[in-house]
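Just below is one structure, and these are the notes that go with it.
Here, each number is a calculation from the coordinates, and none is a lab measurement. Everything numeric here is computed off the predicted structure, so don't read it as measured data. Neighbour counts are summed over all protein chains in view; Cβ atoms, including those assigned to glycine, are modelled from backbone coordinates with ideal geometry.
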Amino acid sequence: MTTDIPDCALRYRLRGGATGLLPISNETRGLLWRAIYQRDDNGRFAVFDSENRRVAINLDHLVYAQFVFDELLSWPYDREVPEAAFQVFLSISPEPLEFEVDSDSDLLSNEHANDDDVHLQDLLFTLDLAHAEPPLIHFEAVDHEEVILLTADVAMISIPWADLMLTNEADG
C-alpha cells in the first residue's frame, strides 16, 4: 500500500511505559488536539489513522503527547512503511499483545454485512462512540479464539489497514 507523506507525528507515552511515534496528517492532529482537550465531550478513546494502520488510543492512559515535525524532515520519501500486526497495549505493560486475526471481508457501512465480516471495524466504531464506553470489548482471533479485554485497561489498539478492508480514502 502506498501512503501519503505525513504532515507531522504524534510522539506518545502510555501508562505502562509504551512509547512511540505515529505519523499523522494535519487533519488528524486537529482531531487529536480536540480529543485531548475536550475529553469529557468525546469519550475515552480517540480513533485515527497513522500510515498503514488505524489506532484507538485511550486518553485516560495517554500520559504524554507531543506533536512533532522535525523527525519527519529526515524521513526519505521512498521509505518502507513498517509491517503492522494487530496490537493491543495494556496499561500495565510497555510491550503490546499481538494477535493474528481474520481480516474483515465487508464494509461496516454495508447494512447487510454479517457481524463476523466487520468485527474489527465494529470494534473501533464502538470505541469511538463517546456515549457507549463499554466495560468490555472483544474480538475473535484465528481459530475462533475469543479475546475479551477490560476496556478501562486498554491503553491503545493498532489494527493494520489490510485487516480492516479499508483504503486511505475510506472512512470507517
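Structure data summary
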quantity	calculated
Neighbour-count order for Asp116, Asp7, Asp104, fewest beta carbons within 10 angstrom listed first	Asp116, Asp7, Asp104
Under 16 Å from the Ala141 label point (7 Å along Cα→beta-carbon), backbone N, the stretch 85-107	85-90, 95-103
Angstrom value of the Kirkwood radius, inverse mean 1/r, which spans all Cα pairs in the stretch 8-164	16.2
Pair Thr19, Asp70: separation of 7 Å Cα→Cβ label points (nm)	1.4
Footprinting exposure proxy for Glu145, Glu51 (fewest neighbouring C-beta atoms within 10 Å first)	Glu145, Glu51
Sorted peptide list for 85-92, 147-154, criterion being average Cβ within 10 angstrom, highest first	85-92, 147-154
